[in-house]
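The values are calculated or read from the model by the stated rules, or taken from the named source; none is laboratory data. These figures come from a predicted structure and were not determined experimentally. Positions of Cβ are generated from backbone atoms using ideal geometry, with glycine treated the same way; all protein chains shown enter the neighbour counts. Accessible surface is based on the protein model in full, side chains and every heavy atom, while ligands, DNA and RNA are left aside. Shrake-Rupley method; radii C 1.70, N 1.55, O 1.52, S 1.80 Å.
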Amino acid sequence: MSTASELQLQYLEKRGVFREELRRQRMLAHMTQPELVRAVGNGLSINVYKKYEWKGGDSIPDEERLTRLVDALGDDARGLIELWSTADAARLAWRGLDRFDDRSRRVERYEPWKGYTFRELFARSLDSVIAHCISQPSSVGTVIGWRHFLENDQLQVTSMSSAYGLRILLLANHAGSVPSVGRIRDSILKMENEGGGWSARTQNRLARVEAYGPTLHALRLAGLSDEALEERVSHYEEILDPEHDPATWESTTVNTIACSTLCSVHPESFRIPQLLEALAGSAVENEFGVHWTESLLPKRREDLYGSVPHTARAIAAIAKAPAESTDGLEELVVRAVRWLESQVEHLNYLEQVERQNESDPEFLNMRHFSSAWVARALSAASKWTEPNLQTLKFTEDLILKSVGEDGLWRWQSGAAPIWMTYQGLKALEELARTQHDLTRS
(Lines give C-alpha, C1' and ligand atoms only; values in the text may rest on other atoms or scores of the structure.)
Protein backbone atom coordinates (compact mmCIF):
# COMPACT_ATOMS: atom_id res chain seq x y z
CA MET A 1 0.00 0.00 0.00
CA SER A 2 1.38 3.41 -0.96
CA THR A 3 2.09 5.90 1.82
CA ALA A 4 0.73 9.43 1.84
CA SER A 5 4.17 10.77 0.91
CA GLU A 6 4.45 8.40 -2.07
CA LEU A 7 0.98 9.32 -3.32
CA GLN A 8 1.72 12.99 -2.91
CA LEU A 9 4.91 12.62 -4.94
CA GLN A 10 2.97 10.83 -7.67
CA TYR A 11 0.39 13.62 -7.72
CA LEU A 12 3.00 16.39 -7.82
CA GLU A 13 4.85 14.67 -10.67
CA LYS A 14 1.68 14.23 -12.75
CA ARG A 15 0.52 17.75 -11.96
CA GLY A 16 3.90 19.02 -13.13
CA VAL A 17 3.52 17.20 -16.46
CA PHE A 18 0.06 18.75 -16.92
CA ARG A 19 1.36 22.23 -16.13
CA GLU A 20 4.31 21.82 -18.47
CA GLU A 21 2.04 20.84 -21.37
CA LEU A 22 -0.35 23.70 -20.56
CA ARG A 23 2.56 26.14 -20.68
CA ARG A 24 3.76 24.66 -23.98
CA GLN A 25 0.31 24.87 -25.56
CA ARG A 26 -0.14 28.48 -24.43
CA MET A 27 3.20 29.48 -25.92
CA LEU A 28 2.44 27.63 -29.17
CA ALA A 29 -0.82 29.58 -29.31
CA HIS A 30 1.23 32.78 -28.88
CA MET A 31 -0.75 33.80 -25.82
CA THR A 32 0.59 35.46 -22.70
CA GLN A 33 -0.61 34.30 -19.28
CA PRO A 34 -2.94 37.32 -18.84
CA GLU A 35 -4.37 36.74 -22.33
CA LEU A 36 -5.20 33.13 -21.48
CA VAL A 37 -6.77 34.18 -18.18
CA ARG A 38 -8.96 36.70 -20.01
CA ALA A 39 -9.89 34.14 -22.68
CA VAL A 40 -10.92 31.49 -20.15
CA GLY A 41 -12.36 33.75 -17.44
CA ASN A 42 -14.77 32.44 -14.82
CA GLY A 43 -12.43 32.11 -11.88
CA LEU A 44 -9.00 31.57 -13.47
CA SER A 45 -6.23 33.84 -12.16
CA ILE A 46 -2.47 33.93 -11.74
CA ASN A 47 -1.25 33.61 -8.16
CA VAL A 48 1.85 35.16 -6.61
CA TYR A 49 3.95 32.21 -7.82
CA LYS A 50 2.95 33.01 -11.42
CA LYS A 51 0.98 29.76 -11.48
CA TYR A 52 -2.60 29.33 -12.67
CA GLU A 53 -5.12 29.10 -9.87
CA TRP A 54 -8.88 28.56 -10.00
CA LYS A 55 -11.26 30.18 -7.58
CA GLY A 56 -11.11 28.10 -4.44
CA GLY A 57 -7.35 27.59 -4.64
CA ASP A 58 -7.08 24.54 -6.90
CA SER A 59 -4.01 24.52 -9.13
CA ILE A 60 -5.53 22.22 -11.77
CA PRO A 61 -9.11 22.69 -13.05
CA ASP A 62 -12.16 20.50 -12.75
CA GLU A 63 -13.56 18.86 -15.88
CA GLU A 64 -15.86 21.75 -16.82
CA ARG A 65 -13.12 24.34 -16.44
CA LEU A 66 -10.68 22.14 -18.36
CA THR A 67 -13.05 22.17 -21.34
CA ARG A 68 -13.05 25.98 -21.38
CA LEU A 69 -9.28 25.98 -21.10
CA VAL A 70 -8.83 23.62 -24.06
CA ASP A 71 -11.38 25.57 -26.12
CA ALA A 72 -9.38 28.75 -25.55
CA LEU A 73 -6.15 27.10 -26.72
CA GLY A 74 -7.54 25.25 -29.74
CA ASP A 75 -7.77 21.68 -31.01
CA ASP A 76 -4.03 21.03 -30.68
CA ALA A 77 -4.44 21.23 -26.90
CA ARG A 78 -6.79 18.23 -26.69
CA GLY A 79 -3.95 16.13 -25.26
CA LEU A 80 -4.33 18.14 -22.04
CA ILE A 81 -7.51 16.18 -21.28
CA GLU A 82 -5.69 12.87 -20.83
CA LEU A 83 -2.91 14.48 -18.77
CA TRP A 84 -5.51 16.18 -16.60
CA SER A 85 -7.34 12.88 -16.03
CA THR A 86 -4.12 11.22 -14.85
CA ALA A 87 -3.24 14.10 -12.53
CA ASP A 88 -6.76 14.33 -11.11
CA ALA A 89 -6.85 10.60 -10.35
CA ALA A 90 -3.55 10.93 -8.49
CA ARG A 91 -4.90 13.90 -6.57
CA LEU A 92 -8.02 11.98 -5.49
CA ALA A 93 -5.91 9.00 -4.37
CA TRP A 94 -3.68 11.25 -2.29
CA ARG A 95 -6.56 13.18 -0.72
CA GLY A 96 -8.32 9.92 0.05
CA LEU A 97 -5.76 9.06 2.73
CA ASP A 98 -5.78 10.44 6.22
CA ARG A 99 -2.87 12.87 5.96
CA PHE A 100 -3.52 14.70 9.22
CA ASP A 101 -1.90 12.45 11.78
CA ASP A 102 0.27 14.01 14.44
CA ARG A 103 3.66 15.20 13.27
CA SER A 104 5.63 12.34 14.79
CA ARG A 105 3.60 9.80 12.78
CA ARG A 106 3.92 11.75 9.54
CA VAL A 107 7.72 11.88 9.71
CA GLU A 108 8.92 8.72 7.96
CA ARG A 109 12.35 7.45 8.95
CA TYR A 110 14.10 5.63 6.14
CA GLU A 111 16.55 2.80 6.49
CA PRO A 112 19.89 4.04 5.12
CA TRP A 113 21.52 2.43 2.12
CA LYS A 114 22.90 -0.77 3.59
CA GLY A 115 26.14 -2.61 3.18
CA TYR A 116 28.57 0.15 2.24
CA THR A 117 30.47 3.00 3.82
CA PHE A 118 30.45 6.36 2.06
CA ARG A 119 33.81 5.58 0.46
CA GLU A 120 32.48 2.32 -0.93
CA LEU A 121 29.29 4.01 -2.14
CA PHE A 122 31.39 6.68 -3.83
CA ALA A 123 33.45 4.00 -5.59
CA ARG A 124 30.25 2.33 -6.84
CA SER A 125 28.93 5.65 -8.11
CA LEU A 126 32.20 6.49 -9.84
CA ASP A 127 32.35 3.12 -11.61
CA SER A 128 28.79 3.54 -12.90
CA VAL A 129 29.36 7.13 -14.03
CA ILE A 130 32.54 6.17 -15.90
CA ALA A 131 30.71 3.25 -17.55
CA HIS A 132 28.18 5.73 -18.98
CA CYS A 133 30.82 8.07 -20.44
CA ILE A 134 30.66 7.84 -24.25
CA SER A 135 32.41 9.17 -27.32
CA GLN A 136 29.94 10.50 -29.87
CA PRO A 137 30.02 12.35 -33.21
CA SER A 138 28.40 15.79 -33.18
CA SER A 139 28.12 18.97 -35.25
CA VAL A 140 31.39 20.18 -33.73
CA GLY A 141 33.26 16.90 -34.19
CA THR A 142 33.64 13.94 -31.86
CA VAL A 143 32.92 14.76 -28.23
CA ILE A 144 33.33 12.71 -25.07
CA GLY A 145 31.00 13.08 -22.12
CA TRP A 146 27.58 12.14 -20.79
CA ARG A 147 23.91 12.24 -21.67
CA HIS A 148 21.45 14.04 -19.39
CA PHE A 149 19.62 10.81 -18.49
CA LEU A 150 22.25 8.11 -18.20
CA GLU A 151 19.91 5.25 -19.09
CA ASN A 152 18.55 6.86 -22.29
CA ASP A 153 20.78 5.86 -25.21
CA GLN A 154 18.69 7.96 -27.62
CA LEU A 155 20.02 11.23 -26.20
CA GLN A 156 23.06 13.16 -27.31
CA VAL A 157 26.04 14.12 -25.16
CA THR A 158 25.51 17.65 -23.82
CA SER A 159 27.81 20.23 -22.34
CA MET A 160 25.87 20.62 -19.09
CA SER A 161 25.59 16.86 -18.45
CA SER A 162 29.28 16.46 -19.23
CA ALA A 163 30.04 19.26 -16.77
CA TYR A 164 28.31 17.30 -14.00
CA GLY A 165 30.16 14.13 -14.97
CA LEU A 166 33.38 16.09 -14.89
CA ARG A 167 32.58 17.38 -11.43
CA ILE A 168 32.01 13.82 -10.19
CA LEU A 169 35.45 12.81 -11.50
CA LEU A 170 37.02 15.83 -9.81
CA LEU A 171 35.12 15.15 -6.59
CA ALA A 172 36.74 11.71 -6.64
CA ASN A 173 40.17 13.17 -7.46
CA HIS A 174 40.06 11.20 -10.69
CA ALA A 175 42.58 13.35 -12.57
CA GLY A 176 44.97 11.37 -14.78
CA SER A 177 42.65 8.40 -15.20
CA VAL A 178 40.32 7.25 -17.96
CA PRO A 179 38.18 9.02 -19.05
CA SER A 180 40.60 11.94 -19.19
CA VAL A 181 39.56 15.10 -17.36
CA GLY A 182 41.38 17.12 -20.02
CA ARG A 183 39.53 15.48 -22.92
CA ILE A 184 36.15 16.05 -21.30
CA ARG A 185 37.06 19.68 -20.55
CA ASP A 186 38.07 20.19 -24.19
CA SER A 187 34.84 18.55 -25.41
CA ILE A 188 32.77 20.94 -23.28
CA LEU A 189 34.69 23.87 -24.77
CA LYS A 190 33.96 22.53 -28.27
CA MET A 191 30.24 22.51 -27.46
CA GLU A 192 30.20 26.20 -26.52
CA ASN A 193 27.55 28.28 -28.32
CA GLU A 194 28.61 30.41 -31.27
CA GLY A 195 27.89 33.58 -29.33
CA GLY A 196 29.74 32.26 -26.27
CA GLY A 197 28.54 30.49 -23.15
CA TRP A 198 26.36 27.40 -22.80
CA SER A 199 22.68 26.53 -22.71
CA ALA A 200 20.67 23.44 -21.80
CA ARG A 201 19.54 21.00 -24.48
CA THR A 202 15.92 22.26 -24.36
CA GLN A 203 16.90 25.92 -24.63
CA ASN A 204 17.72 28.03 -27.67
CA ARG A 205 21.38 28.39 -28.59
CA LEU A 206 21.81 31.43 -26.35
CA ALA A 207 23.95 31.68 -23.24
CA ARG A 208 21.73 30.94 -20.26
CA VAL A 209 22.66 31.51 -16.63
CA GLU A 210 21.44 28.14 -15.33
CA ALA A 211 23.52 26.09 -17.79
CA TYR A 212 26.45 28.47 -18.16
CA GLY A 213 27.13 28.67 -14.42
CA PRO A 214 27.62 24.98 -13.51
CA THR A 215 29.55 24.45 -16.76
CA LEU A 216 31.91 27.36 -16.15
CA HIS A 217 32.51 26.22 -12.56
CA ALA A 218 33.34 22.69 -13.72
CA LEU A 219 35.79 24.01 -16.34
CA ARG A 220 37.52 26.16 -13.75
CA LEU A 221 37.94 23.16 -11.44
CA ALA A 222 39.29 21.19 -14.41
CA GLY A 223 42.08 23.68 -15.09
CA LEU A 224 40.61 26.26 -17.47
CA SER A 225 43.29 28.91 -18.06
CA ASP A 226 43.04 32.26 -16.28
CA GLU A 227 42.74 34.08 -19.60
CA ALA A 228 39.90 31.88 -20.84
CA LEU A 229 38.17 32.10 -17.45
CA GLU A 230 38.39 35.90 -17.32
CA GLU A 231 36.85 36.21 -20.77
CA ARG A 232 33.91 34.00 -19.87
CA VAL A 233 33.36 35.53 -16.43
CA SER A 234 33.00 38.95 -18.09
CA HIS A 235 30.50 37.46 -20.52
CA TYR A 236 28.61 35.77 -17.67
CA GLU A 237 28.37 39.07 -15.77
CA GLU A 238 27.13 40.71 -18.96
CA ILE A 239 24.22 38.31 -19.50
CA LEU A 240 23.08 38.89 -15.92
CA ASP A 241 21.97 42.40 -16.93
CA PRO A 242 18.19 42.64 -16.32
CA GLU A 243 17.65 44.10 -19.78
CA HIS A 244 19.43 41.14 -21.37
CA ASP A 245 17.63 38.43 -19.38
CA PRO A 246 15.27 39.35 -16.52
CA ALA A 247 15.04 35.70 -15.35
CA THR A 248 17.97 36.17 -12.94
CA TRP A 249 16.02 38.84 -11.10
CA GLU A 250 12.67 37.02 -11.15
CA SER A 251 13.62 33.43 -10.29
CA THR A 252 15.12 32.30 -6.98
CA THR A 253 16.72 29.32 -8.70
CA VAL A 254 18.40 31.31 -11.46
CA ASN A 255 19.57 33.97 -8.98
CA THR A 256 21.15 31.41 -6.65
CA ILE A 257 22.89 29.63 -9.53
CA ALA A 258 24.38 32.92 -10.70
CA CYS A 259 25.43 33.91 -7.19
CA SER A 260 27.01 30.54 -6.36
CA THR A 261 28.85 30.45 -9.68
CA LEU A 262 30.42 33.87 -9.25
CA CYS A 263 31.29 33.18 -5.61
CA SER A 264 33.21 30.11 -6.84
CA VAL A 265 34.94 31.45 -9.95
CA HIS A 266 35.20 35.20 -9.31
CA PRO A 267 34.37 36.21 -5.70
CA GLU A 268 35.30 39.83 -6.44
CA SER A 269 32.50 40.17 -9.01
CA PHE A 270 30.46 43.37 -8.84
CA ARG A 271 27.34 41.29 -9.48
CA ILE A 272 27.50 39.36 -6.19
CA PRO A 273 26.26 42.21 -3.94
CA GLN A 274 23.45 42.90 -6.43
CA LEU A 275 22.38 39.27 -6.48
CA LEU A 276 22.49 39.02 -2.68
CA GLU A 277 20.46 42.20 -2.31
CA ALA A 278 17.73 40.81 -4.59
CA LEU A 279 17.82 37.48 -2.75
CA ALA A 280 17.66 38.98 0.73
CA GLY A 281 14.91 41.37 -0.33
CA SER A 282 12.70 38.47 -1.40
CA ALA A 283 12.93 36.55 1.88
CA VAL A 284 9.57 36.00 3.57
CA GLU A 285 9.57 36.45 7.33
CA ASN A 286 6.96 35.15 9.75
CA GLU A 287 6.76 33.72 13.26
CA PHE A 288 8.31 30.43 12.12
CA GLY A 289 11.45 31.99 10.68
CA VAL A 290 12.54 32.99 7.18
CA HIS A 291 11.89 31.22 3.90
CA TRP A 292 11.97 31.73 0.15
CA THR A 293 9.58 30.82 -2.65
CA GLU A 294 10.10 29.98 -6.32
CA SER A 295 9.84 33.64 -7.35
CA LEU A 296 11.85 36.66 -6.28
CA LEU A 297 8.89 38.73 -5.15
CA PRO A 298 8.65 42.51 -5.46
CA LYS A 299 6.72 42.58 -2.17
CA ARG A 300 6.93 40.25 0.79
CA ARG A 301 3.78 38.61 2.10
CA GLU A 302 3.85 36.89 5.46
CA ASP A 303 1.30 34.27 4.46
CA LEU A 304 3.27 32.87 1.50
CA TYR A 305 4.00 29.16 1.85
CA GLY A 306 7.72 28.53 1.78
CA SER A 307 9.62 26.19 -0.51
CA VAL A 308 12.15 23.81 1.02
CA PRO A 309 14.49 23.56 -2.03
CA HIS A 310 14.38 27.29 -2.77
CA THR A 311 15.04 28.19 0.86
CA ALA A 312 17.93 25.73 0.94
CA ARG A 313 19.38 27.15 -2.30
CA ALA A 314 19.15 30.67 -0.91
CA ILE A 315 20.89 29.71 2.34
CA ALA A 316 23.69 27.93 0.47
CA ALA A 317 24.23 30.86 -1.90
CA ILE A 318 24.40 33.47 0.86
CA ALA A 319 26.65 31.34 3.08
CA LYS A 320 29.01 30.77 0.14
CA ALA A 321 29.46 34.48 -0.57
CA PRO A 322 32.56 36.45 0.52
CA ALA A 323 32.39 37.78 4.08
CA GLU A 324 32.38 41.41 2.94
CA SER A 325 29.23 40.75 0.90
CA THR A 326 27.26 39.04 3.67
CA ASP A 327 27.49 41.72 6.34
CA GLY A 328 24.11 41.84 8.06
CA LEU A 329 22.82 38.65 6.40
CA GLU A 330 23.97 36.16 9.06
CA GLU A 331 20.83 36.56 11.18
CA LEU A 332 18.65 36.12 8.10
CA VAL A 333 20.39 32.83 7.34
CA VAL A 334 20.14 31.62 10.95
CA ARG A 335 16.37 32.22 10.95
CA ALA A 336 16.08 30.48 7.58
CA VAL A 337 17.97 27.46 8.97
CA ARG A 338 15.50 27.28 11.87
CA TRP A 339 12.59 27.32 9.38
CA LEU A 340 14.26 24.63 7.27
CA GLU A 341 14.79 22.41 10.31
CA SER A 342 11.08 22.70 11.17
CA GLN A 343 9.99 21.14 7.87
CA VAL A 344 9.04 17.47 8.09
CA GLU A 345 8.95 16.82 4.32
CA HIS A 346 11.68 17.39 1.76
CA LEU A 347 9.69 16.65 -1.38
CA ASN A 348 11.49 16.86 -4.71
CA TYR A 349 10.21 19.70 -6.85
CA LEU A 350 9.74 20.31 -10.57
CA GLU A 351 9.96 23.91 -11.76
CA GLN A 352 9.78 25.44 -15.23
CA VAL A 353 11.89 28.47 -16.12
CA GLU A 354 10.18 30.23 -19.00
CA ARG A 355 11.45 32.79 -21.48
CA GLN A 356 9.43 34.34 -24.28
CA ASN A 357 11.82 35.05 -27.15
CA GLU A 358 11.01 36.99 -30.29
CA SER A 359 11.06 33.86 -32.45
CA ASP A 360 10.39 30.73 -30.42
CA PRO A 361 9.16 30.09 -26.87
CA GLU A 362 11.70 28.56 -24.51
CA PHE A 363 11.30 26.77 -21.23
CA LEU A 364 13.56 24.64 -19.06
CA ASN A 365 12.58 21.97 -16.56
CA MET A 366 14.48 22.43 -13.32
CA ARG A 367 14.24 19.49 -10.93
CA HIS A 368 15.23 20.07 -7.33
CA PHE A 369 16.67 17.19 -5.25
CA SER A 370 15.36 18.77 -2.08
CA SER A 371 17.05 16.67 0.61
CA ALA A 372 20.44 17.16 -1.07
CA TRP A 373 19.93 20.92 -1.08
CA VAL A 374 18.90 20.87 2.59
CA ALA A 375 22.12 19.01 3.44
CA ARG A 376 24.22 21.50 1.50
CA ALA A 377 22.44 24.46 3.05
CA LEU A 378 22.85 23.23 6.63
CA SER A 379 26.50 22.41 5.97
CA ALA A 380 27.21 25.82 4.39
CA ALA A 381 25.48 27.69 7.21
CA SER A 382 27.25 25.72 9.96
CA LYS A 383 29.86 28.50 10.17
CA TRP A 384 27.12 30.73 11.61
CA THR A 385 24.83 28.29 13.41
CA GLU A 386 25.15 24.68 14.54
CA PRO A 387 22.65 22.50 12.65
CA ASN A 388 20.29 20.16 14.45
CA LEU A 389 21.81 16.66 14.50
CA GLN A 390 18.47 14.90 14.08
CA THR A 391 17.73 17.00 11.01
CA LEU A 392 21.11 16.08 9.54
CA LYS A 393 20.49 12.37 10.09
CA PHE A 394 16.96 12.57 8.70
CA THR A 395 18.24 14.44 5.64
CA GLU A 396 20.98 11.88 5.07
CA ASP A 397 18.46 9.04 5.19
CA LEU A 398 16.32 10.79 2.59
CA ILE A 399 19.32 11.30 0.31
CA LEU A 400 20.26 7.62 0.54
CA LYS A 401 16.69 6.56 -0.18
CA SER A 402 17.09 7.64 -3.84
CA VAL A 403 20.34 5.79 -4.63
CA GLY A 404 20.36 2.35 -6.26
CA GLU A 405 22.71 -0.58 -5.86
CA ASP A 406 24.73 0.76 -8.79
CA GLY A 407 25.47 3.99 -6.91
CA LEU A 408 23.34 6.12 -9.25
CA TRP A 409 20.64 8.42 -7.88
CA ARG A 410 17.21 8.30 -9.48
CA TRP A 411 14.29 10.67 -9.73
CA GLN A 412 10.93 9.30 -8.56
CA SER A 413 10.07 8.44 -12.18
CA GLY A 414 13.02 6.02 -12.26
CA ALA A 415 15.16 8.19 -14.56
CA ALA A 416 18.84 8.64 -13.64
CA PRO A 417 19.88 12.23 -14.44
CA ILE A 418 23.63 12.61 -13.99
CA TRP A 419 23.27 15.85 -12.05
CA MET A 420 21.33 13.97 -9.35
CA THR A 421 24.21 11.59 -8.70
CA TYR A 422 26.53 14.58 -8.39
CA GLN A 423 24.12 16.28 -5.99
CA GLY A 424 23.79 13.13 -3.88
CA LEU A 425 27.55 12.60 -3.61
CA LYS A 426 28.28 16.28 -2.98
CA ALA A 427 25.62 16.49 -0.27
CA LEU A 428 26.92 13.37 1.52
CA GLU A 429 30.47 14.69 1.35
CA GLU A 430 29.41 17.99 2.92
CA LEU A 431 27.39 16.19 5.60
CA ALA A 432 30.46 14.12 6.46
CA ARG A 433 32.51 17.27 6.76
CA THR A 434 29.88 18.92 8.97
CA GLN A 435 29.19 15.94 11.22
CA HIS A 436 31.83 13.22 11.00
CA ASP A 437 29.69 10.39 12.40
CA LEU A 438 27.28 10.58 9.47
CA THR A 439 27.53 8.68 6.16
CA ARG A 440 28.71 5.56 8.06
CA SER A 441 32.28 6.36 7.12
Residue-normalised value, i.e. accessible area per residue, for the chain at 1.4 Å probe, in Å², stands at 45 Å²
Helix-only [θ] at 222 nm, the chain, -39500 (n - 2.57) per DSSP H run of 4+, per residue, nearest 500, equals -16000 deg cm²/dmol
Mean-square fluctuation maximum in Gaussian network of the chain, Cα pairs under 10 Å, restricted to L428, L408, L69, hits L69
Taking H132, H368 and ranking on accessible area (1.4 Å, protein atoms only), highest first, one gets H132, H368
Env charge @ S128, Cβ radius under 12 Å, K,R +1 / D,E -1, value -2
Among [x] 0.99; [y] 0.95; [z] 0.97, the value of Rg/Rh (Cα atoms, Kirkwood Rh) computed for this structure carries the label [y]
Here the relative contact order (percent) of the chain, from C-alpha pairs under 8 Å and at least 6 apart, is 15 percent
Of 140-147, 326-333, ordering from highest average Cβ density within 10 Å down gives 140-147, 326-333
Mean separation of Cα contacts under 8 Å (at least 6 apart) over the residue count of the range 220-324, i.e. the relative contact order in percent, is 26 percent
Carbon plus sulfur, as percent of the 1.4 Å-probe accessible area of the chain, comes to 47 percent
For the range 249-350, listing trypsin sites (Lys or Arg not before Pro) in a DSSP loop whose Cβ sees at most 14 other Cβ atoms within 10 Å gives K299, R300, R301
Pseudo-spin-label distance S138 to A123, built 7 Å along Cα→Cβ, given in nm, is 3.2 nm
